[in-house]
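Dropping a structure here in structure tokens format, bear with me for questions.
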Amino acid sequence: MICFVQGCSDPGYRGPLETMFEDRKRLFVDLLGWGLTVEQDRWEIDQFDGDDAGYLIALDQTGDHIGSLRLLPSKQPHILSTLFSELCPAGVPTGPTTFEVTRLCLPVRHGAAERLRIRNTLITAMVDHALAYGITRLTGVVEAGFLAQILRMGWRCTTPAPPRRFGGAALGAFIAQIDADTPALLAEGGIYTGPVDGQHIQETVHATV
């Protein structure tokens, strides 16, 4: 099941958010060694996690997190505008229908084939969500290797400049246009998997106590 969670102002991070933040800590901090903030030695949470953040979360049959991504409105501070604006020499794309995709979390415990399935399911849900809510453009910052994959997925997606090195990693930005043709374009490459039971995002959850 895919659920959408708007905001994470609840200090208890109940439900899908709790296991999502735990998996983010295991992946980004414990495994990849990113120097990120960890709350209560359990949850990876940064300055962009808040009321404005939206989360698409894939859940198993018990309701626990198996994969997720975060959507940030570009009119608010976000990773590309705040930390890596030099990746967009002509200016960081912003606007009410432009959102940033970040924190794609695919726990390694699932194995490569299952992670790929979950990734494609999340991308499908992200596109469905964007079309349903009038989002026309998605941006993001990723490592150069993953950037090459994103650009080859089949959608209308470009990079504003070649990747640059930041610390020990080569990072690049992408700009993806979202319109009615996007599902078919992604489906040609096996990325867009089509809605499940007529509705890919099966539940909307708001992070309130």
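Might you check whether a residue that is under 30 Å from T159 (Cα atoms), open to solvent by 70 Å² or more (accessible area, probe 1.4 Å), part of a helix (DSSP H, G or I) and not basic (K, R) occurs anywhere in the stretch 76-94?
yes
Restricting to the stretch 115-125, count the residues that are open to solvent by 10 Å² or more (accessible area, probe 1.4 Å) and touching a residue at least 24 places away in the same chain (Cβ under 8 Å). First the steps, then the outcome.
The initial filter retains those residues of the stretch 115-125 that are open to solvent by 10 Å² or more (accessible area, probe 1.4 Å), namely 115-117, 119-121, 123.
From what's left, touching a residue at least 24 places away in the same chain (Cβ under 8 Å): 115, 119-121, 123.
Looking only at that region, the number is 5.
Still on this structure: Just the residues that are among the aliphatic types (A, V, I, L, M) and assigned to a helix (DSSP H, G or I), please, taken from the stretch 127-158. Walk me through how you get there before you give the answer.
Applying the first criterion (among the aliphatic types (A, V, I, L, M)) to the stretch 127-158 yields 127, 130-132, 135, 138, 141-142, 144, 147-148, 150-151, 153.
V127, A130, L131, A132, A144, L147, A148, I150, L151 - these are the residues of the stretch 127-158 that are among the aliphatic types (A, V, I, L, M) and assigned to a helix (DSSP H, G or I).
Related question: Go through the stretch 154-168 and give me each residue that's over 16 Å from V92 (Cβ atoms) and exposed (fewer than 14 other Cβ atoms within 10 Å of the Cβ).
R156, P162, R165, G167, G168
What pairs can you find where one residue is in the stretch 159-182 and assigned to a loop (DSSP other than H, G, I, E, B), the other is among the basic types (K, R) and at pLDDT below 95, and their Cβ atoms are less than 8 Å apart, with a gap of 6+ or different chains?
Pairs that qualify, where the first residue is assigned to a loop (DSSP other than H, G, I, E, B) and the partner is among the basic types (K, R) and at pLDDT below 95: there are none.
While we're looking at this one, here's another question. In this structure, does A169 turn out to be within 26 Å of F21 (Cβ to Cβ) and at pLDDT 95 or above?
No, not satisfied.
I would also like to ask the following. Could you tell me which residue of the stretch 60-75 is farthest from the chain's Cα centre (by Cα), considering only residues that are surrounded by 15 or more Cβ atoms within 10 Å (Cβ to Cβ) and hydroxyl-bearing (S, T, Y)?
S74
Would you check if there is a residue in the stretch 31-46 being closer than 16 Å to P73 by Cβ and assigned to a loop (DSSP other than H, G, I, E, B)?
For the stretch 31-46, residues closer than 16 Å to P73 by Cβ and assigned to a loop (DSSP other than H, G, I, E, B): present.
The values are calculated or read from the model by the stated rules, or taken from the named source; none is laboratory data. Everything numeric here is computed off the predicted structure, so don't read it as measured data. Please note: Cβ atoms are built from the backbone with ideal geometry, for glycine as well, and neighbour counts cover all protein chains shown. Accessible surface is based on the protein model in full, side chains and every heavy atom, while ligands, DNA and RNA are left aside. Shrake-Rupley method; radii C 1.70, N 1.55, O 1.52, S 1.80 Å.
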